[in-house]
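S.K.: Dropping a structure here in structure tokens format, bear with me for questions.
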Amino acid sequence: MKQVFAALALAALASAAAAQKPDPAFATPADVQALVERIEGSMKPGQIFAMQPLLRGGASVASVEVWKGAGKPAVHPTDAEYAMVVAGAGTLTSGGTLVDAHVTNPGLTEGSRIEGGATRRLKPGDIIMIPAGMPHGFGVEGGKLALLGIKLPQPAR
């Protein structure tokens with residue numbers, strides 16, 4: 001009988017420990033589409049960019065970005081950027097040199113344009129990985145480009 005109670009107590013402890021572990025962050029394609037629509041609905045006339053978090057896990061955040069026009073090209077000096085196109089179409093210009101660069105905040109340097117970069121067309125399903133320190137900028141075709149993006153901090157060298 002003691003063994004049965006011990007087994008039950010052990011099972012209860014294991015169950016309680018499992019219940020304390022957080023579930024992985026999860027979103028369906030419908031969740032992503034709904035957030036794209038909410039962001040679009042909240043944008044003011046003339047606003048070309050807005051973003052909102054979709055999932056959080058500790059310090060990591062996956063955000064949805066909606067672009068309605070080309071933004072300033074930028075560099076994230078210490079973060080790589082991973083993104084997937086979830087709606088709309090556009091272009092990515094990357095590489096080359098960021099012209100008229102100025103630090104906006106420690107994680108972002110913006111410029112007026114990119115010289116010598118490569119431009120690629122973007123459509124839903126395309127996946128992008130931009131290394132830390134690489135100039136990049138997004139263009140918009142057809143009025144909207146929506147991305148699911150994550151900044152990936154890179155270890156100091």
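S.K.: Could you derive backbone 3J(HN,Hα) for the stretch 125-133 from the dihedral phi with the Karplus parameters 6.51, -1.76 and 1.60 (θ = phi - 60°), listing whole Hz in sequence and x where the residue is Gly or Pro?
M.R.: For the stretch 125-133, the Karplus curve yields x, 5, 10, 10, 10, 10, x, 3, x Hz.
S.K.: Under a Cβ-only charge scheme (Lys and Arg +1, Asp and Glu -1), can you give me the dipole magnitude of the stretch 25-153 about the Cα centre, in debye to the nearest 20?
M.R.: Rounded to the nearest 20 debye, it is 160 debye.
S.K.: Once the stretch 25-153 is represented by equal point scatterers at the alpha-carbon sites, with solvent omitted, what log10 I(q)/I(0) does the Debye formula produce at q = 0.13, 0.22 Å⁻¹?
M.R.: -0.51, -1.45
S.K.: With θ set to phi - 60° and the Karplus curve 6.51 cos²θ - 1.76 cosθ + 1.60, what are the ³J(HN,Hα) couplings of the stretch 31-37 in order, to the nearest whole Hz, using x for Gly and Pro?
M.R.: The phi angles translate into 4, 5, 4, 4, 5, 4, 5 Hz.
S.K.: Would you calculate the separation in nanometres between label points at SER60 and ALA118, each defined as 7 Å from the Cα along the Cα-to-beta-carbon direction?
M.R.: Spacing of the two 7 Å Cα→Cβ label points: 2.7 nm.
S.K.: Related question: May I ask you to evaluate 6.51 cos²θ - 1.76 cosθ + 1.60, the Karplus curve with θ = phi - 60°, for each residue of the stretch 68-77 and list the ³J(HN,Hα) values in order in whole Hz, giving x for glycine and proline?
M.R.: Using θ = phi - 60°, the values come out as 10, x, 5, x, 6, x, 8, 9, 9, x Hz.
S.K.: Rank THR93, VAL140, ASN105 by how far each Cα sits towards the positive end of the charge dipole of the stretch 25-153 (+1 on Lys, Arg Cβ; -1 on Asp, Glu Cβ) and give me just the farthest.
M.R.: Selected residue: VAL140.
The numbers here are math on the coordinates, done by the rules we state, and not lab data. Please read all numbers here as calculations on a predicted model, not as lab measurements. Backbone-built Cβ (ideal geometry, glycine too); neighbour counts: all protein chains shown.
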